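Heads up, the thing below is written out as structure tokens.
Laboratory data are not the source of any read-out in this text; all were calculated from the coordinates shown. Since the structure is predicted, the reported quantities are computational estimates derived from the model, not experimental observations. Virtual Cβ from ideal backbone geometry, glycine too; neighbours counted across all protein chains shown.
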Amino acid sequence: MTSPLQQKIKITGPSVVTANRTWDGVVIYRTAAKNWTTDLSEAAIVREVDEARALLAEAAADDLGAIGAYIAPVEIGDDGAIEPGNLREQIRSEGLTIGLPVPA
Amino acid sequence: MYAYDELDRTLINERVSEFRDQVRRRLSGELSEDEFKMLRLQNGVYLQLHAYMFRVAIPYGTLSSKQLRQLAHVARRYDRGYGHFTTRQNIQFNWIKLTDLPDALADLAEVGIHAMQTSGNNTRNVTSDQWAGVAPGEIEDPRIWSELLRQYTTLHPEFSFLPRKFKFAITASEHDRAAIKVHDIGLRLHKNAQGETGFEVLVGGGLGRTPFIGKTIKPFVAGRDLLSYVEAILRVYNQYGRRDNIYKARIKILVHELGIEKFAKEVEQEWLQIRDGALALDDAVIEEVRSRFTYPVYENLPNLPEELKKAAHDPKFEAWRKNSVFPHKVPGYAIVTLSLKPVGGPPGDATAEQMDAIADLAEKYSFGEIRVGHEQNLALPHVAKRDLPMLWRALDRIGVATPNINLVSDIIACPGLDYCSLANARSIPIAQEITRRFANHETANLIGRLHINISGCINACGHHHVGHIGILGVEKNGEEFYQITIGGRADEHAVVGTLIGPAVRYGEVADVIEDIVEAYLALRANPDELFIDTVKRLGVEPFRERVYATR
């Protein structure tokens with residue numbers, strides 16, 4: 001399997017680096033402070049390929065903390081709020097679009 | 001029920017210890033994710049969108065009450081209080097933590113359940129007819145052979161690193177409820193002209209990106225030769241199957257590219273070398289496995305008890321009985337299907353409370369036995385007909401008595417983009433909306449048998465190719481679209497459905513299904529002509545016209 005770092009990086013707008021946390025699988029985002037957060041609003045935003053590659057490399061190096069890091073698109077609202085850039089990322093960030101059989 | 005012996009129990013317990021150590025090493029950093037991934041997959045642990053997903057095997061779809069209660073316990077203690085029954089007689093837990101997985105596996109091992117070979121490029125859970133052992137007219141209980149195959153394939157070193165995953169399904173009935181024609185190897189028990197029992201062996205069936213219906217490679221293989229013949233097939237596949245391209249690695253591609261005659265010839269050559277070796281099954285081995293299956297001691301009961309006559313005055317009970325109760329091989333007994341497809345609910349999900357309640361009801365009314373079908377419903381296989389009214393009331397209270405079995409709202413669906421990291425589009429909300437459109441049971445009965453299958457991507461976990469109506473989610477420019485096929489079926493007459501036209505948007509799918517159903521009602525030759533037969537008679541064109549005339 002090709003390492004994420006060997007894959008061609010293409011970004012068309014603001015993006016974040018996201019992964020799943022190793023011990024429980026929860027969705028996490030890389031922060032500017034070289035850490036992880038479960039809150040998309042705290043994620044580091046990258047806009048250029050080189051920036052994205054650097055953030056991804058740093059994230060992928062944390063093999064113990066996170067699995068499957070990749071670059072995901074986001075949208076930045078007029079108020080600066082970070083929103084998921086597509087439906088897949090919306091579901092990862094906000095949860096299922098359906099009710100759970102057993103309410104949380 | 002099959003009773004595990006000491007060897008099985010030891011194997012399962014050792015596997016738990018081994019996995020516990022692997023998880024410990026992963027969490028301590030001794031193992032990287034690259035090193036750990038294959039190990040977790042070999043124990044049924046995937047990574048999905050939100051969390052790890054844990055897939056647990058239910059071999060040939062048979063569960064005891066004790067086992068179902070333990071699945072409920074795992075759902076409650078380590079997950080979010082529910083599980084999802086899949087199209088291959090597995091159950092999946094969607095929210096489990098890696099740190100909890102060894103304990104969950106250990107708890108399951110206490111009742112003889114495991115997750116071995118529910119993922120990875122090996123031989124997967126051997127599936128069978130959920131009515132095995134109780135279906136009228138069955139040649140013999142196919143689970144005996146399923147169990148022999150389970151023992152033979154479990155951790156088989158030669159078949160643990162195949163080019164790609166490999167799935168078996170077995171039936172012993174004329175009507176195929178196990179979808180054997182869409183499996184890598186399908187086995188149909190039957191009698192030859194001499195009255196001997198053996199197997200028709202089909203090979204190269206499968207869905208996914210390139211759907212194929214399985215082809216008969218040998219019309220009759222005697223029971224003693226089953227393992228050697230299957231091994232010959234697997235050896236040829238292991239030798240020639242492609243490892244350079246994941247999309248061409250399944251045995252169906254090899255069979256297609258070589259042609260069934262050439263493939264069969266290769267298998268025959270291999271088989272002749274091994275058929276009389278260690279894999280030849282002598283009667284004592286078969287009888288040993290057979291003896292470990294225990295069957296209920298049935299009573300002599302009237303086929304039409306007073307309790308049933310009285311309850312027939314209740315139209316709700318009658319609607320359920322006519323829909324969800326099926327003939328049993330023993331007079332006075334019935335097979336009861338429990339619908340996990342409530343109107344507006346996710347297909348195949350059951351809460352821990354429902355599982356516990358079903359386990360109790362199975363103990364009370366079905367000799368403590370539950371079955372899981374590939375249609376994502378459950379069944380109680382040994383219910384005395386006199387108990388049907390009481391059972392119905394109890395099932396209704398826990399929400400598993402929707403009288404929609406085999407009807408338009410009995411939808412097979414994969415988890416789709418709400419859960420799955422491979423999916424391109426959502427499946428569950430599409431299913432939910434369709435069930436709301438057809439919530440009226442009288443209308444659903446008027447429509448008659450109609451199987452809708454939904455997959456959220458081309459991997460086809462929802463078996464959309466073989467749905468009478470198939471719905472496939474695709475992604476176009478970041479938007480969900482759905483391709484619609486009609487005319488597919490997964491039974492003994494299995495065929496891949498035909499695409500009716502361009503994909504439609506998410507919000508249009510339920511409307512399109514309504515259009516197709518309305519067209520069918522207008523076109524059918526008579527009220528007894530099933531949807532699938534109308535499509536066969538008329539082709540897709542009238543349905544295409546109806547759907548796209550105004551779109």
> Hey, what number do you get for chain A at 222 nm if only DSSP H runs of n ≥ 4 count, each worth -39500 (n - 2.57), divided across all residues, to the nearest 500?
Replying inline: -5500 deg cm²/dmol
>> If neighbour count is taken as other Cβ atoms inside 10 Å, put B:Arg437, B:Arg124, B:Arg24 in order from fewest to most.
In response: B:Arg24, B:Arg437, B:Arg124
> For segment B:463-550, what is the Kirkwood hydrodynamic radius in Å, using each pair of distinct C-alpha atoms?
Replying inline: 13.2 Å
> Tell me, which cysteines of the protein assembly as shown are without a disulfide-compatible partner by the Cβ under 4.7 Å rule?
Replying inline: B:Cys420, B:Cys457
>> Principal axis extents for segment B:306-397, Cα atoms only, whole Å, descending order, please.
In response: 36, 27, 22
> Mean Kyte-Doolittle of at least 1.0 and a Cα length of 15 Å or more along the axis: which whole DSSP H helices of chain B meet both?
Replying inline: B:509-523
> Which translational diffusion coefficient, to the nearest whole µm²/s, is obtained for chain A from the Stokes-Einstein equation, given a Kirkwood hydrodynamic radius over C-alpha pairs, 25 °C and 0.890 mPa s?
Replying inline: 173 µm²/s
> What stretch of chain B, leaving out the sites themselves, is the longest with no chymotrypsin sites (Phe, Trp or Tyr not before Pro) in a DSSP loop having at most 16 other Cβ atoms within 10 Å?
Replying inline: B:299-551
>> Given a Förster distance of 30 Å, report the FRET efficiency between B:His313 and B:Asp528 from their Cβ-Cβ distance, rounded to the nearest 0.05.
In response: 0.65
> Which whole-number percent gives the relative contact order of segment B:306-397, counting Cα pairs below 8 Å spaced six or more residues apart?
Replying inline: 33 percent
>> Test of understanding: what is the full-extension gain from B:Lys191 to B:Thr550, defined as 0.36 nm times their sequence separation minus their Cα-Cα distance?
In response: 124.0 nm
>> Per residue of segment B:332-343, what does 6.51 cos²θ - 1.76 cosθ + 1.60 with θ = phi - 60° give for ³J(HN,Hα)? Whole Hz please, x for Gly and Pro, Karplus curve as stated.
In response: x, 10, 9, 9, 10, 8, 9, 7, 9, 10, x, 4
> Any idea how far the Cα center of segment B:184-263 sits from the one of segment B:477-526, in Å?
Replying inline: 30 Å
>> Percent of Cα-Cα pairs more than 23 Å apart in segment B:134-291, please.
In response: 34 percent
> Please state the relative contact order of segment B:412-548 as a whole percent: Cα pairs under 8 Å, 6+ residues apart?
Replying inline: 20 percent
> Could you list, bin by bin from short to long, the percent of Cα-Cα pairs of the protein assembly as shown in 10 Å steps?
Replying inline: 3, 15, 25, 27, 19, 8, 2, 0, 0
> For B:Asp276 and B:Asp5, what does the FRET efficiency come to when R0 = 30 Å and r is the distance between their Cβ atoms, rounded to the nearest 0.05?
Replying inline: 0.65
> Relative contact order (percent) for chain B, with alpha-carbon contacts under 8 angstrom and 6 or more residues of separation?
Replying inline: 13 percent
> How far is the Cα center of segment B:1-60 from the Cα center of segment B:268-320, in Å?
Replying inline: 31 Å
> Among B:Met355, B:Met1, B:Met53, which comes first, second and so on when ranked by fewest other beta-carbon atoms within 10 Å?
Replying inline: B:Met1, B:Met53, B:Met355
>> Helix-only estimate, please: 222 nm mean residue ellipticity of chain B, summing -39500 (n - 2.57) across DSSP H runs of length 4 or more and dividing by its residues, to the nearest 500.
In response: -11000 deg cm²/dmol
> If you average 1/r over all unlike Cα pairs in chain B and invert the result, what Kirkwood radius do you get in angstrom?
Replying inline: 24.1 Å
>> Order these by the 10 Å Cβ neighbour count, fewest first: B:Ser455, B:Ser119, B:Ser28.
In response: B:Ser28, B:Ser119, B:Ser455
> What number in nm² do you get for segment B:6-109 if you take the convex hull of its Cα atoms and divide its surface by four?
Replying inline: 6.9 nm²
>> Take chain B, mark every one of the GluC sites (Glu not before Pro) that falls in a DSSP loop and has at most 16 other Cβ within 10 Å, then report the longest stretch left between them, sites excluded.
In response: B:300-491
> Could you state the number of Å between the C-alpha centres of segment B:396-423 and segment A:35-90?
Replying inline: 34 Å
